[in-house]
Every structure is written in structure tokens, then in C-alpha cells.
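Novice: First the structure, which I've put down as C-alpha cells, then a few questions once you've had a look.
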Amino acid sequence: MAKVLMVQGTMSNAGKSLLTAGLCRIFKQDGYRVAPFKSQNMALNSFITEEGLEMGRAQVMQAEAAGIKPSVLMNPILLKPTNDTGSQVIVNGEVLGNMSARDYFAYKHNLRKDIMYAFNKLAEENDIIVIEGAGSPAEINLKNDDIVNMGMAKMANAPVLLVGDIDRGGVFAQLAGTIMLLTEEEKKMVKGLIINKFRGDKTILDPGIEMLEEITHIDVVGVAPYLQIEVEDEDSLTERFNGKQEVGMIDIAVIRVPRISNFTDFNPFESIEGVSLRYVHNVNELKNPDMIILPGTKNTMEDLLWMRQNGLEAAICKAAAAGKIIYGVCGGYQMLGETLSDPEGVEAGGEIKGMGLLPMDTVFAGQKTRTRVIGTFGEVGGVLQDLAGVRLEGYEIHMGVSTPTRKNTEDGTVTEPKVLTNISNFAADNEIGGEAREAAEMKNDGLQMGNVYGTYVHSCFDKEGVAEAIVKSIAKSKGLDTDTIKAVDYQAFKETQYDILAAELRKHLDMKRIYEIMEEGV
């Protein structure tokens with residue numbers, strides 16, 4: 001069975017996900033078979049495995065760092081918030097149902113067997129398992145039947161590294177206070193403390209570290225620096241949403257709807273020089289972008305009504321009329337249509353008008369579509385015509401079915417929409433990237449009219465050549481030089497970021513002591 005190490009934090013966004021990824025990379029570089037694990041993740045950023053199962057993207061990122069394929073075993077429970085007090089509960093990659101927070105709290109002890117099955121399977125196949133906790137282990141109102149922090153550490157018999165965030169202040173109180181709120185049994189399981197996101201001269205910090213070790217009787221095994229690296233982050237507290245709003249040579253605005261999901265779809269644009277990718281929350285922030293993206297959302301109808309009420313819908317329709325590029329992905333694609341109907345109450349129930357920018361109707365149904373896909377962009381017109389024939393790869397995860405309709409124009413003619421994306425499912429037993437897996441029959445899963453584009457395919461910009469073709473098309477339409485525009489290979493770029501992360505952590509963590517902690521266990 002594998003050696004085990006658990007990374008817990010004093011709060012959300014203390015850096016658990018990133019440190020887990022970095023440790024996975026280090027152990028991989030040192031020749032070990034390593035896998036990440038998080039028993040329960042709460043996030044709207046999700047991913048579909050080759051088997052068609054749904055899991056949190058944080059564990060996908062950590063699996064990439066570990067050099068292995070993502071598996072739902074790494075995240076057996078995923079909670080996708082539907083509102084402030086309830087979530088869709090996904091177990092072993094499949095939807096169990098929607099539950100209120102109170103109902104789930106009463107039910108979750110039943111999931112221990114699923115958690116331990118997944119963990120034990122991974123432990124049989126790997127040398128090391130790095131477990132990530134969630135939030136804080138010191139939430140004393142939630143400690144009964146805990147399955148993700150100290151409860152998970154006990155189930156896995158895992159020694160714990162506790163991480164505090166110095167960038168947000170009060171790191172000594174964070175770490176010491178968390179230890180004080182643990183039981184004596186739990187305190188013994190914490191084998192090391194890590195101060196994360198440090199900027200400055202460490203020698204000034206050293207007296208505080210000595211006092212912290214005296215108070216807690218636990219060694220500080222590292223002071224990790226604040227790292228400016230580009231890897232996918234969790235959606236709940238991402239710093240991307242609060243980024244700078246400066247406009248670049250090519251300006252892309254993503255509408256930050258309240259229930260935004262899978263915003264990592266747009267990360268490839270961030271690596272192209274001269275491109276500004278801005279997340280905007282109101283009309284004033286929108287400005288005059290070259291391209292407006294409507295992202296995925298867990299609540300398509302409610303988020304469309306939110307845009308309708310705050311004026312963003314009208315501003316987007318005005319931009320579309322002026323010939324600006326509007327691009328919808330998944331829920332954002334659904335918003336662009338004529339109508340959205342929810343006869344089964346999957347979302348808000350009832351029927352509302354869409355934005356009317358694409359000729360299609362969407363009906364929500366109880367069955368969720370979950371599939372990995374490959375394909376090509378179709379005979380695309382408008383500004384993005386250079387996308388025609390470009391290969392794409394991604395996944396679909398949605399509750400609605402969209403059906404194209406015919407668009408009657410003011411002069412009485414009928415305009416048929418063009419196919420934006422032709423896709424097919426690929427066989428799980430074929431290697432990602434292999435062209436032989438394409439099915440004989442392709443299906444249309446996206447539409448285009450004028451400069452309005454929409455698709456159900458998440459990660460459709462990841463494959464090499466897609467984001468670059470879009471940016472070059474926009475530059476060409478503006479009369480700008482396209483020779484200087486060059487996108488990096490996004491997958492290769494991520495690999496370099498994981499290596500940088502590992503190299504920095506090796507400098508600042510006592511890896512010899514961390515290996516000893518794993519060997520000693522609890």
C-alpha cells in the first residue's frame with residue numbers, strides 16, 4: 001500500500017491545492033508513482049474523464065502535475081452549488097441528486113464507503129498518495145462526521161501538514177489557533193506546519209517561527225514563497241476575477257455571471273502576448289472589447305435574468321448588432337438562443353426568452369450529458385472564419401438540449417445558422433490526441449450566425465492552434481500585424497509551470513523532513 005501525506009489548511013485559499021500539486025510533481029520527479037486525492041470537493045469547475053465521469057478540476061490539475069491521467073477515484077465526491085444553501089451532489093462521477101446543506105450534512109456519513117473504496121484503489125496502484133483537505137479542520141460546528149479534513153486523515157491514517165496563508169495576515173494566529181481547536185488525538189496527527197505565500201526577508205520572520213514552534217510543539221517544515229505561476233485554480237476564491245482591467249491590443253471580456261463554471265476554459269488566451277482577458281461583472285467594466293465571452297454556468301436561466309436586470313444583456317446585444325464577436329460556451333451558448341424551457345424544474349422551472357442572437361431553442365432535462373469529444377470547427381463565417389477546419393478537443397457537461405430553428409430576417413428571407421463545431425465521442429481505450437478514435441458519424445454541437453458563435457464544448461480553446469487562430473482573426477479584422485502573434489503550446493506551457501512550482505518548493509520546504517514524516521506515519 002502507498003505511503004500517505006495529507007495537506008490541510010487554516011482556511012480556504014491557503015494554498016492547499018497548489019502545494020498538493022507541487023508535492024505530486026516532486027514525488028514524480030523523484031521516481032515515485034504518485035496520485036492526488038480529495039474526498040470531497042466543492043466547486044463549479046468540473047471535468048469529464050475518458051469514462052464520462054465528472055470530477056473537480058483541482059484534482060485534474062494535480063494529476064497533470066503527477067504525470068498521470070485524471071480519474072474519478074481522485075475525487076469521489078463533488079458538490080456543485082446550485083444556490084447559497086444547496087448543491088448538486090455527485091458521487092463517483094455521477095449525479096446523486098440535489099440536497100440542501102442540512103440534508104447533505106445528515107447524509108454524508110453514508111459516503112465513507114465510497115471514499116475509502118476510491119482511496120484504497122489508488123493506494124493499491126501508487127507509491128504515494130497526497131491528500132488535500134478542504135477549508136479548515138477547525139470548523140468546530142462541522143466536525144461531526146467530517147469526511148474531508150481530520151476525519152479523512154483518520155480514515156487514511158495520514159500524517160498532516162498544516163498550511164497557513166501569511167499573505168492574508170495573522171498567519172501565527174491561524175496556525176496556533178487551528179491547533180488549539182483540535183482534539184489531542186488530532187493534534188498528534190499534525191506533523192509539520194507550512195507558512196505559505198511569503199514575500200520578503202525570511203530572517204525577519206524567524207523569531208515568530210521559533211515562538212510558533214514553542215506554542216504548538218510542531219516543527220515548521222517550510223516557508224513557501226508567493227508564486228506567480230499559471231496553473232488552474234479553484235473557482236471559489238480565484239484571484240483571476242479580481243485581476244487588472246487594463247485593455248490590451250486584443251481585448252477579450254468574460255462575463256462573470258454569479259454561478260460561473262469552468263472559467264479555466266479561457267486560460268489559453270492569457271498566454272498570448274498582447275491579449276487582455278478580463279472578467280467583468282457590470283456594464284461599466286465591459287468597456288469596448290473585441291470579443292465578449294458568455295461562460296458556462298450552473299444556473300443558466302437565473303444568470304441570464306441577472307444579466308437582463310443589470311443591463312449586461314442589452315449591452316451585449318448592442319455589441320452584437322455593431323458586429324462585435326460574441327462567443328458562448330455551454331450555459332453561455334444556451335443563453336444566446338431564442339427560448340430556454342425547464343418543464344421538469346431542473347433549474348428555475350418555466351420558460352424565459354433567450355437573447356435571440358442564435359436561432360435555437362433549449363429545453364432542460366433531468367439527464368446530464370457527460371462526454372469527452374473531439375472534432376473540428378465547421379465552415380465558420382464572420383470574423384473567426386480562419387477557425388474553419390481547425391481541430392478541437394474537449395468535453396461536454398450540461399443538462400439542456402438545444403435545437404436549431406430557422407431565422408426569419410426583416411426582408412422576409414430565411415437564414416440558416418452555420419455549424420460551429422462538429423464533434424464525436426472518442427473511445428476511452430484510445431490515447432488522447434489519436435485521430436483514429438473519431439466515430440464515422442459526427443454531430444453538430446455548436447452554431448454560428450454573423451459574429452455570434454456558440455458551442456457546448458468546454459476546453460475548446462485548449463488544443464494548439466485554436467486560441468491563436470481566434471486572436472489572429474481579431475487582429476486581422478482590426479488591421480493589426482498578425483506575424484507577432486504566437487500562442488504557446490498550452491499543454492507544454494503547463495508542464496513548465498509544474499516544474500517551476502516543484503523547483504521553488506524544493507528550495508523552501510524541508511523535503512528530507514517531509515519524506516521522514518511519510519515514513520513515520522501517525
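The values are calculated or read from the model by the stated rules, or taken from the named source; none is laboratory data. Just so you know, these numbers come straight off a predicted model, no measurement behind them. Note that each Cβ is placed from the backbone with ideal geometry, even for glycine, and that neighbours are counted across all protein chains shown. Note: areas computed on protein heavy atoms with side chains; ligands, DNA, RNA excluded. Shrake-Rupley method; radii C 1.70, N 1.55, O 1.52, S 1.80 Å.
Novice: Just checking, does the stretch 303-317 include any residue being modelled with pLDDT of 95 or more, touching a Ser or Thr at 6+ places or on another chain (Cβ under 6 Å) and buried (at least 18 other Cβ atoms within 10 Å of the Cβ)?
Specialist: Within the stretch 303-317, one or more residues are modelled with pLDDT of 95 or more, touching a Ser or Thr at 6+ places or on another chain (Cβ under 6 Å) and buried (at least 18 other Cβ atoms within 10 Å of the Cβ).
Novice: Let me ask something else. Out of all the residues in the stretch 62-87, which are among the polar types (S, T, N, Q) and open to solvent by 10 Å² or more (accessible area, probe 1.4 Å)? Before you say what the answer is, go through the steps one by one.
Specialist: Let us first name the residues in the stretch 62-87 that are among the polar types (S, T, N, Q), namely 62, 71, 75, 82-83, 85, 87.
Passing the criteria: SER71, THR82, ASN83, THR85, SER87.
Novice: Next question, about the same structure. Against the condition under 26 Å from ALA492 (Cα atoms) and within 23 Å of the chain's Cα centre (by Cα), how does THR300 come out, does it pass?
Specialist: Spelling it out, it is not the case that THR300 is under 26 Å from ALA492 (Cα atoms) and within 23 Å of the chain's Cα centre (by Cα).
Novice: Any residue in the stretch 318-330 that's within 21 Å of LEU340 (Cβ to Cβ): show its pairings with residues that are among the acidic types (Asp, Glu) at Cβ separation under 8 Å, as long as the two are six or more apart or on different chains.
Specialist: Filtered contacts from the stretch 318-330: VAL329/ASP265; CYS330/GLU396.
Okay, residues lined up against (1) in contact with a Pro (Cβ under 6 Å, 6 or more places away or on another chain); (2) open to solvent by less than 10 Å² (accessible area, probe 1.4 Å); (3) at pLDDT 95 or above; (4) part of a loop (DSSP other than H, G, I, E, B):
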site: GLY222; (1), (2), (3), (4): no, yes, yes, no
site: ASP233; (1), (2), (3), (4): no, no, no, yes
site: LEU237; (1), (2), (3), (4): no, no, no, yes
site: LYS244; (1), (2), (3), (4): no, no, no, yes
site: VAL247; (1), (2), (3), (4): no, no, no, yes
site: GLU273; (1), (2), (3), (4): no, no, no, yes
site: ALA320; (1), (2), (3), (4): no, no, yes, no
site: GLY328; (1), (2), (3), (4): no, yes, yes, no
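Residue-wise test of (1) assigned to a loop (DSSP other than H, G, I, E, B); (2) at positive phi; (3) modelled with pLDDT of 95 or more; (4) touching a strand residue (DSSP E or B) at 6+ places or on another chain (Cβ under 7 Å).
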position: LEU19; (1), (2), (3), (4): no, no, yes, yes
position: GLY22; (1), (2), (3), (4): no, no, yes, no
position: GLU51; (1), (2), (3), (4): yes, no, no, no
position: PRO70; (1), (2), (3), (4): yes, no, yes, yes
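Novice: So ILE115 clears everything in (1) open to solvent by less than 40 Å² (accessible area, probe 1.4 Å); (2) hydrophobic (A, V, I, L, M, F, W, C); (3) under 29 Å from ALA365 (Cβ atoms); (4) part of a helix (DSSP H, G or I) except one condition, right? Which one?
Specialist: Checking ILE115 against (1) open to solvent by less than 40 Å² (accessible area, probe 1.4 Å); (2) hydrophobic (A, V, I, L, M, F, W, C); (3) under 29 Å from ALA365 (Cβ atoms); (4) part of a helix (DSSP H, G or I), the one that fails is (3).
Novice: Give just the number: which of (1) out of contact with any helix residue (DSSP H, G or I) (no Cβ under 6 Å at 6 or more places or on another chain); (2) closer than 29 Å to MET1 by Cβ; (3) crowded, with 18+ Cβ neighbours inside 10 Å does ILE129 not satisfy?
Specialist: Going through the list (1) out of contact with any helix residue (DSSP H, G or I) (no Cβ under 6 Å at 6 or more places or on another chain); (2) closer than 29 Å to MET1 by Cβ; (3) crowded, with 18+ Cβ neighbours inside 10 Å, ILE129 breaks only (1).
Novice: With VAL7, VAL89, VAL60 as the choices, which residue is hydrophobic (A, V, I, L, M, F, W, C), in contact (Cβ under 8 Å) with a residue 60 or more places away in the chain and not in a helix (DSSP H, G or I)?
Specialist: VAL7
Novice: How about the stretch 484-495: which of its residues are part of a helix (DSSP H, G or I) and open to solvent by less than 70 Å² (accessible area, probe 1.4 Å)?
Specialist: If the condition is that a residue be part of a helix (DSSP H, G or I) and open to solvent by less than 70 Å² (accessible area, probe 1.4 Å), then TYR490, ALA492, PHE493, LYS494 are the ones that fit.
Novice: Another one. Hey, among GLY200, GLY208, which residue is touching a residue at least 24 places away in the same chain (Cβ under 8 Å) and either surrounded by fewer than 16 Cβ atoms within 10 Å (Cβ to Cβ) or part of a strand (DSSP E or B) (or both)? Walk me through it before giving the result.
Specialist: On the way: GLY200 fails: touching a residue at least 24 places away in the same chain (Cβ under 8 Å).
Step by step, each of GLY200, GLY208 is checked, and only GLY208 is touching a residue at least 24 places away in the same chain (Cβ under 8 Å) and either surrounded by fewer than 16 Cβ atoms within 10 Å (Cβ to Cβ) or part of a strand (DSSP E or B) (or both).
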